[in-house]
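Below is one structure, written out as structure tokens; the observations come after it.
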Amino acid sequence: MERPAWAPPGIDISVPSVSRIYDYYLGGSHNFEVDRQAARRAMEFMPGLPKIMQANRAFMRRAVRYAVSEGITQFLDIGSGIPTFGNVHEIAQAASPEARVVYVDHDPVAVAHSQAVLADAERTGVVAADLRKPREILAAPEVARVLDLSRPVALLLVAVLHFLEDADEPYAAVAELRESLAPGSLLILTHASYEGIPLSEEDAAGTVEVYRDIRNPLVMRSGERIEGFFEGFELIEPGLVAMPNWRPDGTDGPEDDSAAEDPYAFSGFAGVGRKT
């Protein structure tokens, strides 16, 4: 298999990556054939996966703008993935030039491309770390350089917690991150669920098996269990809802607006909570 010039040395390009699969769903070009094959297999069971990802990105953008409107100009995006148009720093800094953003991911391709994209960007940082090890994230020099954790921060856990199994103790990881945040901080979260998918659970489970086969288990939690991640946060209206239903404001653009009209866009949950 020929290694693309943009692929960081040392990574195994024969193993699929969830961040590169996500990039493929969004129409990106930083993915390998092995990622595309896995994505196409998953779409055989759930053809609306790209629409789900578009709705996910549209929610993220609205939530970031909401955070800035509430006076929050610091963002910690964990599981940030491969940079695409309309990233957190672009949305946040368009709303407030003083906005500061740290991106965190454990995929070497995502980290390398984030570093390349942000090489000339002020008030941004990139950290190679895993959500399952929150202390390493919090102790990262880039976090200390870019963010002031004594002031409110918007913590983004967008489309990442469903890749942590219960054995990974995801609730404990979120709790540890929460304890590091100042009062008034926000948790911006999306999570996959069987609830809302316009398929039978049996059919949708085929996609889950594809992710399990590539050793990136996709954990479909119920709305009640997803709401448990907001312990210590007060959910902001309209609460935990389908992604297109979280404060739609008509600013998402034609592509995202059309995605929001697709039944698949209403799969899973999104919410924003404020640390009390």
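Some values worked out for this structure:
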read-out	value
Candidates per trypsin sites (Lys or Arg not before Pro) in segment 155-247, loop by DSSP, up to 15 other Cβ within 10 Å	ARG215
GLU195 - accessible surface, heavy atoms, 1.4 Å probe, Å² rounded to 10	80
Accessible area per residue in Å² at 1.4 Å probe, computed on the chain	43
Debye intensity ratio in log₁₀ form over the Cα atoms of segment 158-233, taken at each q of 0.14, 0.18, 0.26, 0.27 Å⁻¹	-0.51, -0.77, -1.30, -1.36
Within the accessible area of segment 11-85 (1.4 Å probe), percent carbon and sulfur	55
Under DSSP loop assignment and at most 14 Cβ neighbours within 10 Å, longest chymotrypsin sites (Phe, Trp or Tyr not before Pro)-free interval of the chain	86-276
Using θ = phi - 60° and Karplus 6.51 cos²θ - 1.76 cosθ + 1.60, couplings along segment 131-147 (whole Hz; Gly, Pro as x)	4, 5, 10, x, 4, 5, 5, 5, 8, 5, x, 5, 5, 5, 6, 9, 10
Cα lying deepest toward the dipole's positive end in the chain, options SER19, GLY228, SER96, charges on Cβ	SER96
Accessible carbon and sulfur surface of segment 140-276 relative to its total accessible area, %, 1.4 Å	49
Descending semi-axes in whole angstrom, ellipsoid equivalent of the chain, from the Cα gyration tensor	26, 23, 18
Debye intensity ratio in log₁₀ form over the Cα atoms of segment 128-276, taken at each q of 0.18 Å⁻¹	-1.16
Dimensionless Rg over Rh [segment 44-179; C-alpha; Kirkwood]	0.95
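The values are calculated or read from the model by the stated rules, or taken from the named source; none is laboratory data. Everything numeric here is computed off the predicted structure, so don't read it as measured data. Positions of Cβ are backbone-derived with ideal geometry, glycine not excepted, and every protein chain shown enters the neighbour counts. In case anyone asks, the SASA skips ligands and DNA or RNA and just uses the protein heavy atoms, side chains included. Shrake-Rupley method; radii C 1.70, N 1.55, O 1.52, S 1.80 Å.
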